[in-house]
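Just so it is clear, none of the values below were taken in a lab; they were calculated from the coordinates. The structure presented is a predicted model; accordingly, all values stated were derived computationally and were not measured.
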Amino acid sequence: MMRRCTALFRGLAREQRAAFSTMPKTIKITYVNTAGDRVTVDGKAGQNLLQVARDHNIDLYGPCNGGGQSSEDYGEGPCCTECRVFIAKEFQDKVNPINGEEIEILDWCEDADENSRLACQVVLSEDCDGMTVALPEWDKESYWNKIG
């Protein structure tokens, strides 16, 4: 009887180890606001920067969630610039490439540069571990007046 229990527990331990080895790696992301306050949080491969910020109550607004408001009215993909962030230069080639739609949307921002990305479009990979993301300060009212 004792051997059966030991074999059963060994089998469970193997299953648990296998499940643990397939879990996504924790990726450290540091968000910096305009006051210079920094907070480092854990994300997982496959999440985007907006999801990670929301999981950790970081004030990063993203009303379209990267999917637009209505696919009938706007099509799929991002439709606003409200989750815009600046990615540290050393991580630009480690994040997924920017697409044409994101470039077009970022063109709406007067202060966008080569480090600008939409947080909803930046998907984390293990290469992003240690990445720093700056949150810009901008006037939402003047933005909506400009495009409205």
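Quick notes on this structure:
- Between the amide H of Val133 and those of Thr30, Tyr31, Val32, distances stay under 5 Å, these residues lying 5 or more places away or on another chain, with hydrogens modeled in the peptide plane.
- Added length on full extension, which subtracts the Cα-Cα distance from 0.36 nm per residue, Asp55 to Glu126: 23.7 nm
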